[in-house]
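The values are calculated or read from the model by the stated rules, or taken from the named source; none is laboratory data. No experiment lies behind these values; they were computed from the predicted model shown. Glycine gets a Cβ as well: all are built from the backbone with ideal geometry, and neighbour counts include every protein chain shown.
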Amino acid sequence: MRVVGKTDIGCVRRTNQDYIFYSLTPVGGFPDLFVVADGMGGHQAGDFASRYAVETLLDYIKKAKPDNLIRVLDRAIRYANKKVYEKAHADEGLRGMGTTIVAAYIEDGQLFVANVGDSRLYVLDSGINQVTEDHSYVADLMRAGQLTPEQARVHPQKNIITRAIGAVDDVKVDFFEMDLQKGDKILMCTDGLSNMVEDDVLYDIVANTYIEDVADELINEAKNNGGRDNISLIVIDPFDMEVSEC
């Protein structure tokens, strides 16, 4: 298995409110772990929210009994939500902060995914398939048949999310699992990438670029298209026999 991850401030924002974590070695009871978070909030609150949520999640996982990993991940994300929520209400400077989170692990050829918010996980085989479902205003409109994907991409309220870590004192986490096939690749990213680069271009870059170069290629593409948000991603090749982290 090989993985590359990178985060970039983009072309417009003054701070980077994204945070990523990845490990091909065990984390607590997990054989590997990959996490992407996109913070929100004024001043430094978004930056703090994403980092604090991921660090709190990792702390919970490392201390938890590794009985049922899905249950552990659910509890870890909900614990992170509780801690972010409490911090936001204890510190006026952090009031209103929150973050998305998408987390995944791979075990015995199976991919397990959890998400809150609109950061995404895709699996790329012969095409690009979004595994997670966005918790956002425009995604709700699309599911109701009121917007097309093309309309959603340019909708003025596309950045409004309907579920986030730290917004309320408890949160529902969505879970997905699927069997991976040889040749599959995985892309996890914040909306600073998915909003700026069309799906067919994402697929072309990930499918046809060496993993050592794929993060820079994706970030450059997003920045060439305006880079209006922070850009963060993790790309995983689960069947590359060379074990490395880039």
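General remarks:
- Among the candidates Ile61, Ile20, Ile70, residue that is within 30 Å of Lys223 (Cα to Cα) and in contact with a Phe, Trp or Tyr (Cβ under 9 Å, 6 or more places away or on another chain): Ile20
- One residue stands out among those in the range 150-171 that are of a type outside the set (A, V, I, L, M, F, W, C) and exposed (fewer than 10 other Cβ atoms within 10 Å of the Cβ): the one that is nearest to Leu73 (Cα to Cα), which is Asp170.
- Flag if Ala88 is in contact with a helix residue (DSSP H, G or I) (Cβ under 9 Å, 6 or more places away or on another chain) and farther than 20 Å from Phe21 by Cα: yes
- Screening the range 127-142 for residues that are of a type outside the set (Val, Ile, Thr), over 13 Å from the mean Cα position of the chain (by Cα) and modelled with pLDDT under 95 and picking the one that is surrounded by the most Cβ atoms within 10 Å (Cβ to Cβ) gives Ser136.
- Which numbered condition Gly109 fails, given (1) modelled with pLDDT of 95 or more; (2) under 14 Å from the mean Cα position of the chain (by Cα): (2)
- Matching residues, the range 157-176, being hydrophobic (A, V, I, L, M, F, W, C) and in a loop (DSSP other than H, G, I, E, B): Ile160, Ala164, Ala167, Val168, Val171, Val173
- Tally of residues being assigned to a loop (DSSP other than H, G, I, E, B), in contact with an Asp or Glu (Cβ under 8 Å, 6 or more places away or on another chain) and small (Gly, Ala, Ser) across the range 134-156: 0
- Residues that are surrounded by fewer than 14 Cβ atoms within 10 Å (Cβ to Cβ), touching a strand residue (DSSP E or B) at 6+ places or on another chain (Cβ under 8 Å) and of a type outside the set (Asp, Glu) were ranked within the range 196-246; the one that is modelled with the highest pLDDT is Ser244.
- Restricting attention to the range 3-27 and to residues that are surrounded by 19 or more Cβ atoms within 10 Å (Cβ to Cβ) and among the charged types (D, E, K, R), the residue that is nearest to the chain's Cα centre (by Cα) turns out to be Asp18.
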